[in-house]
Structure formats: C-alpha cells, structure tokens
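Since the structure comes first, as structure tokens, the remarks are kept for the end.
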Amino acid sequence: MQNVLHTPIEYLKGVGPNRGETLRKELGIHTYMDLINFFPNRHIDKTRFYKINELQRNSSDVQLVGKIVHFKTVEQKRGKRLVADFIDETGRMELVWFRGHKWVRENLNLNVPYVIFGKTNWFNGVFSMPHPEMELLADYKKNLRTAMQPVYPSTELLQKKGITNRAIMKLIQEVMKQSGLRFGETLNQEIVQELNLISKSEAIFNVHFPKNQELLAKAQFRLKFEELFFIQLQLIRKNLLHKRKIKGLIFEEIGENFNRFYKEHLPFELTGAQKRVIKEIRSDLGSGAQMNRLLQGDVGSGKTIVALMSMFMALDNGFQACLMAPTEILSVQHYNGLVELCKELNTSIYLLTGSTKTSDRKEIHEKLENGEIDILIGTHALLEDKVKFQNLGLAIIDEQHRFGVAQRAKLWKKNSIPPHILVMTATPIPRTLAMSLYGDLDISVIDELPPGRKPIKTVHRFDSNRLKVFRFIKEEIMKGRQVYIVYPLIQESEKMDYKDLMDGYESIAREFPDYQISIVHGQMKPADKDYEMDRFLRKETQIMVATTVIEVGVNVPNASVMIIESAERFGLSQLHQLRGRVGRGAEQSYCILMTGHKLSEDSKTRLQTMTSTNDGFQIAEVDLKLRGPGDLMGTQQSGVLNLKIADIVKDNSILSTARWYASKILKEDPDLSDEKNRYIRNAFARLMKDRTIWNYIS
C-alpha cells in the first residue's frame, strides 16, 4: 500500500507531466502521499438547506432548493445581465449572470427543482445570488460526497493552469480509489484508546470529505495530534540520545569559589526562581551527560548571577568558563558586571572582542592556554581558531538566537570532551513555541524579579499631549534622572527614519536647551556609538535620542524614563525589550508610548497589552497570537514551523498532550523496540527517512 502512495504525482490519472511540474513547484506535491497530506484550509458546509425566508443579510455561502420560473435580460452601463426569478414555498429571490448568458439559457430549465449554492447579496429589497453553482435535485441525490465541500489553498498559477478546487478534489478522490482507503496505522493501541481517536484511514477520508461537522472535528484532532506527536518524539529523543551519547564533564565539587561568593559576596538575597534554576543546573553538571540548557528570564530577572554561580561550579572543579555575547557593548557590560561582583575574590576574568589590541590578544591567548584565565568573556572573537583553552568546562551563550548553529558548534570543539552549554535569552518565548523550537533542550525559567525592583509604570499618550510629556521629562531630569527617547527603525525606509530621528533630535534640542543630549543610530561608526553610550552612562548627557540600536544595550541604572515615539510601528516583543532598558535602579521608572490618533486594531491590542502588564511571558503569548510562530522567531527560522494541519497557537493543548505521550513512551521504551510500539517505530523511521519531520533548530 505504501508503495502506491510513493508513486510520483504525474502518473496519477488527470495529472501528467505539465500539471505534475506545477503541483511540485506551487504546492510541494511530489507523490500521491503528498497529495493525501495536502489538507483543506476550510470546508463549506452543504449539510444544511435554507429557505428563502431564512436568509440573512450577511453575504455568507448558502444552499437552497427551488425552481426557476422566469428569465429576463436587463441592460446596464456595460453590456447586459441575465436575471432569473427563483422561488421556493417561502418566497422569491433573483439569480444573476453577468456572462455566459447563452449557455445558461440553453442548459437551465424552468419549473424543475434545482439545488443552488453561492453567496447572497441584499439589493433593493430582494436577495440575489450572482453566478450560483447549480445542480438538478435528482443528480444531487445520487451524488453522496458533497455534504461538506473542502476548500484547498491555491495560487494564481494553479488557477491559470486550470487546477481548480474541484480539480484537486477529483485528484484526491482518485488517489483514495487507488489506495483502497487503506492507510497504515501510525500510533499505538494505548494512545488510540485513551484519546478515543478514529483510525488513520477514517481520519484521512474525513478530513477531505466529511459527512458532518462532528466527523471533521474528529479527523482534524487525530491528524493534528499525530503531526505534533512525531515532532515532539523527535525532539525529546534527540535530547535523550544526546544525554546517552555525549558524555559530559562531571562537576562533583561545590567548593571554595561558589561557597565563598554565596556566603560572603552575594549582593542581594537570591529569589526562589534563581535558587531553583541553580539547582537544575547543578544537577545537570553532576549527571555525567553534557548539559544543554536554555535559561529564559525577563530583562532584569537576574540571569547574570545565575551564570556567574554556574561558572564558579566549573572553576571549583578545575575547569575554565566562557561567556559569549552578540555585541561588543553587551560583552563589555557583562565583563564590567562580573568584575564588580568578583572584586573581593581572586578570580581572573578577561575580555576578548574584535577591538582588543593585538598585544593584549597575544597575552590572552597565552594565559588561556596555560590556565591562568578562569573566565573569558567576549563576542564572536571567542570562536577564532587561535583561541585555545587549557580546559573549557562551561560555555554560556547570551541572546543565542543571534548566533548561527555552525558558530555554536565551534565552541564544542574547544575541549576534548565538549563543555557544558548554557544558553540565555531575555526574549521570553511562549511555552508552546519553546516546546517546538527548543524541545531538545532542557528549559529553565526565572519568572520572578529580584526584591526591591519596582514595576515600570507604562502609559499610552497621543501626540497631542506632547507638551505635558515634555514637562514630565523636565521634572525627572531635575530629580537627577536620565531619559531615553527612541525612534522606530524600519530597514526599507532608512532615509525616512534618519530624517524622523534628526527632526526629533532638533525639536528635543530646542525644547531642552539647558541639557546635554546624546544621539545614537545605526549609520554611526561603532566607535562613535560607544562614545555616545559611554557619555550617557557617565551621566554627562541627560537625554539619549536613539533608534532601536539600544534594544540590547547598556545597563544605565540612573535612566528612569523611556519614551517610544510612533510606538504603533513596533512589535510587542520589541516594545517590551525597550521598556526593559529602564527600571534597573531602585527608583520608580516610566515608559511612555507615543502615537498618533489613527491606530489599527492590532496596534491597539499591542498598546493595551503593554500598559496592562510587565510580564514578558504574557506579552509573548499575545505576540504569538498576533504575529504567528514563523514571524515571531524571525526570518531565518520562519520555515521551521511549516506544519501541515496543526497550529501551535490554537492547538497548544493538543501540543501539550502530544508532548506528554511522546515523553511517556520514550521513558518506557527509549529505542521504540517494544512490539506494542511497532506502528510508531515504522512511521517514525519513514518520516526520518523522508526528512518529513523538520529538524528543528537549537
């Protein structure tokens, strides 16, 4: 049976080489199996017949039974239209044709029962239906498959080549005929019974040609579950194999560095979440398998302390550690922060970036190889071949989505046994997305802020309130605080953005003649950018006017106001990241979202979300609903969630169930060798061979 389904699509009756080529290019359909897995995106419910007196003025698709009693031709500005009076026992409506009059007149009969289907319009007190689908009632009764009609995704080229919705329906019926509707089972008996699933064959038939809504829902649930189940199975299996195969360095000792820092130099009491995460990391580091953990925590949640304490565990066991950040500014910030935290300890910390002098580089390379450096912090410069550690035990990667897979793999090769890997991100990833994108990493979350941090107050103000906002800025500066004013940056219109920024800068300079202003934008040289950032950090300037280059940037505890201009042009996660630039000191901080009065519904939702919550995970969930998974992860990863039927936002409860079952099965039967899992094993092997399961990132 499987062999029939692997037949190239051009051999199917009604396809041929030309259509085959079009189906391959436009829809990625290469075989009969691909066609069967090309699912409708909606169904038109033809199970219900309406009466004319039940029609609503909502232009929806409806189906009626009645007779044509009269035809007439009506002149109009361009050409003519043909109008028929159509009646049933409850009333009268009109059917309208703007072309094909001759064919209609010759082929449709008066006073014979017809089934009609189409969209209705309400015009001059009468319902009308333009170009209805029409079928004699007698023929309709013979034809059993039209109750719920599938509607398939289409493209302009398909329509041009005559591959219409009807044509695709016919091709799918043909494959079903040839396969005898026998599709091999892919799940074990236990899952099928516990979740009360219909069989694979029933699901395939009913997703294309359901007799009613209930059967369609059962078919969709079964196929969505299966799709998500096999993706989760692959991700969890990858994680388990990783732990079995890739031996990790065993850190048994919790020694001098860790204990002394914890007891004597901790700047504040750790939160419950931080303690929990350190425990999870500690258990990984002692397990004998290589750690591969993702640490998620909102801006300011205290990931740096967790990172430092993890590095101490490496140091206590005689290993070195490194921390890699995506930008020079960020790595300098990490360096300064860690040096400050370790000033009472004799930990040797060095910084290596693109702008490190050649003489200093040489010294770092030597000290690193002979073990004199404990912790090395830097940018991509850490990946260079010249950078050799004596024994690297832990590699921490900050904001990992900015590094490619190949770059991360280079860190592995820095030691004979791969170092443990901790990946950190301040971009909250909704649980559903994390389960799919990072399902092969263990995930830790810091979900509470350190005590003493006041939540940032966020308000939305229209441009017409600008003078009040300026007054507020002056009051904050008088108290000794600093202010960010951020303008949007949209790549395609760099000139326009630059103009917006310069106009903004000039009006701020006019409004605040007594204050110093820094300006930072993407077209500046890195050295000039750093110079301006540094002036702001040292409180030499009171206001920083910038584009989104400061999104991941300097930690300025004294900055207490973030003003975001044209806030409607920003995505939610970007607004949240920008807001996280303030609120880093003990003072009350504010974020003011400035917009014009014209706002789309999505923009209103984004602004409302920002003003009602500071919770990054809640914000990420709303963002996921608004933008969809592909968009949320950025272009380089948007193909990752190329799901055929499931939707990880709408189907997140199915996703959780699928992950639970995948975990349970792999715990009991890691190699899927048990006889009861035979179907799962075979289906999984087939999917892996065909590369149908996306090799998810991370």
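Treat every Asp and Glu Cβ in the range 1-126 as -1 and every Lys and Arg Cβ as +1, leave all other atoms uncharged, and give the resulting dipole magnitude about the Cα centre to the nearest 20 debye.
Details: 20 positive and 13 negative charges, 104 e Å.
Computed charge dipole of the range 1-126: roughly 500 debye.
So which GluC sites (Glu not before Pro) in the range 327-398 are both in a DSSP loop and have at most 11 other Cβ atoms within 10 Å of their Cβ?
On the way: sites: E328, E340, E344, E363, E366, E369, E372, E384; in loops: E344, E372, E384.
When the GluC sites (Glu not before Pro) of the range 327-398 are filtered for loop state and at most 11 Cβ neighbours within 10 Å, E344 remain.
What are the extents of the Cα atoms of the range 1-86 along their three principal axes, listed from largest to smallest and rounded to whole Å?
Computed over the Cα atoms, the extents are 54, 34, 22 Å.
Check the straight Cα-Cα distances from K224 and name the lysines below 17 Å, setting aside those fewer than 8 residues away within the same chain.
Reachable lysines: K200, K644, K650.
Whole angstrom only: what separates the Cα centroid of the range 339-390 from the Cα centroid of the range 151-179?
One Cα centre to the other: 61 Å.
Given the options Q193, N239, L215, identify the residue whose Cα lies farthest towards the positive end of the charge dipole of the range 164-270 (+1 on Cβ of Lys, Arg; -1 on Cβ of Asp, Glu).
Sorting the options by dipole projection puts first L215.
Which of the chymotrypsin sites (Phe, Trp or Tyr not before Pro) across the range 247-331 are loop residues per DSSP, with 12 or fewer other Cβ within 10 Å? Mind dumping the intermediate values first?
Working: sites: F251, F258, F261, Y262, F268, F312, F319; in loops: F251, F268, F319.
Passing both the DSSP loop test and the Cβ count: F268.
Could you tell me how far the Cα centroid of the range 1-56 sits from the Cα centroid of the range 563-578, in Å?
42
Would you mind getting the accessible area per residue of the chain, heavy atoms of the protein chains only, 1.4 Å probe, in Å²?
Working: 33680 Å² over 698 residues.
Per-residue value: 48 Å².
Positive end of the dipole of the chain, charges at C-beta (+1 Lys, Arg; -1 Asp, Glu), about the Cα centre: which of F98, L626, N677 has its Cα farthest in that direction?
After comparing all options, I get F98.
Using alpha carbons only, how many degrees (0 to 90, rounded to 10) separate the axis of helix 466-478 from the longest principal axis of the chain?
The two axes meet at around 20 degrees.
Starting with the highest mean, order 272-278, 11-17 by the number of other Cβ atoms within 10 Å, averaged over the residues of each peptide.
On the way: 272-278: 17.7, 11-17: 14.0.
Top of the packing list down: 272-278, 11-17.
Quick one: helix 652-668 against the long Cα principal axis of the chain, what's the angle to the nearest 10°, folded into 0 to 90?
Relative to the chain, helix 652-668 is tipped by roughly 70 degrees.
Carbon and sulfur together cover what percent of the accessible area of the chain at a 1.4 Å probe radius?
Details: 16960 of 33680 Å².
Ligands and nucleic acids excluded, carbon and sulfur give 50 percent.
Taking 0.36 nm per residue of separation and subtracting the Cα-Cα distance, what length does fully extending K650 through E369 add? Don't skip to the answer; put the middle values down first.
Values: separation 281, 0.36 × 281 = 101.16 nm, distance 5.16 nm.
Full extension of this stretch gives 96.0 nm more.
Against the longest principal axis of the chain, how steep is helix 272-285, in degrees 0 to 90 to the nearest 10, with axes from Cα atoms?
The angle comes out at about 90 degrees.
Given Cβ point charges of +1 (Lys, Arg) and -1 (Asp, Glu) and nothing else, what value in debye, to the nearest 20, does the dipole of the chain about its Cα centre take? Show your work: numbers first, answer last.
Details: 99 positive and 85 negative charges, 488 e Å.
Here the size comes out at about 2340 debye.
The values are calculated or read from the model by the stated rules, or taken from the named source; none is laboratory data. The structure displayed is predicted, hence computed values, not measured ones. Here Cβ is always computed from backbone atoms with ideal geometry, including for glycine, and neighbour counts include all displayed protein chains. We work out accessible area using only protein heavy atoms, side chains counted, and drop any ligands, DNA or RNA first. Shrake-Rupley method; radii C 1.70, N 1.55, O 1.52, S 1.80 Å.
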